[in-house]
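Comments concern the structure below.
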Amino acid sequence: MVSPTSQEVFILGLTQNGKTFRPSDWAERLAGVMSQFRPGGMRRGGHLGYSPWCVPTTMNGAKCVIVKRELQVHEPMAWDFVMNFARDNGLQTTDACLIPEAPAKPGDPASPASSTGNTTTKA
């Protein structure tokens, strides 16, 4: 199940049974089909690169595709296609979201200023 609050969905190249999904280039193929869906719409030569909304990668030795939630907002039919691909092939999916880093506090050992006692500014 995909959470509506997640910013990204990872489609893993593993079936619900834990078997490696085949063919081995499925992630590149899926991302290639989705290459036309991008911010600002299709543009000349856009098919030569992946869409920033649908990117193939490898996680823990398994192929996967990272699908950004923005795809659903801008291209709902493309989102449905990708999610149905995962469901129809019994692929594992997992939600992800960006967790912002807490700002460093003065005196915090992780803060650069606290390690030297100085702060540096550039003109």
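The values are calculated or read from the model by the stated rules, or taken from the named source; none is laboratory data. Everything quoted here is computed from the prediction, not taken from an experiment. Here Cβ is always computed from backbone atoms with ideal geometry, including for glycine, and neighbour counts include all displayed protein chains.
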Residue, surrounded by the fewest Cβ atoms within 10 Å (Cβ to Cβ), within region 7-24, restricted to residues that are farther than 18 Å from N84 by Cα and small (G, A, S): G18
Checking M83 against (1) modelled with pLDDT of 95 or more; (2) surrounded by fewer than 10 Cβ atoms within 10 Å (Cβ to Cβ), the condition it does not meet: (2)
Residue selected from region 64-95 under the condition among the aliphatic types (A, V, I, L, M) and in a helix (DSSP H, G or I), by the criterion nearest to P23 (Cα to Cα): A86
Every residue from region 30-65 that is modelled with pLDDT of 95 or more and among the charged types (D, E, K, R): K63
Where A78 falls short, out of the listed (1) modelled with pLDDT of 90 or more; (2) out of contact with any Phe, Trp or Tyr (no Cβ under 6 Å at 6 or more places or on another chain); (3) surrounded by 12 or more Cβ atoms within 10 Å (Cβ to Cβ): (2)
Every pair of residues 6+ apart whose Cβ atoms lie under 8 Å, when the first sits in region 53-70 and is of a type in the set (D, E) while the second is surrounded by fewer than 17 Cβ atoms within 10 Å (Cβ to Cβ) and not in a strand (DSSP E or B): E70/P39
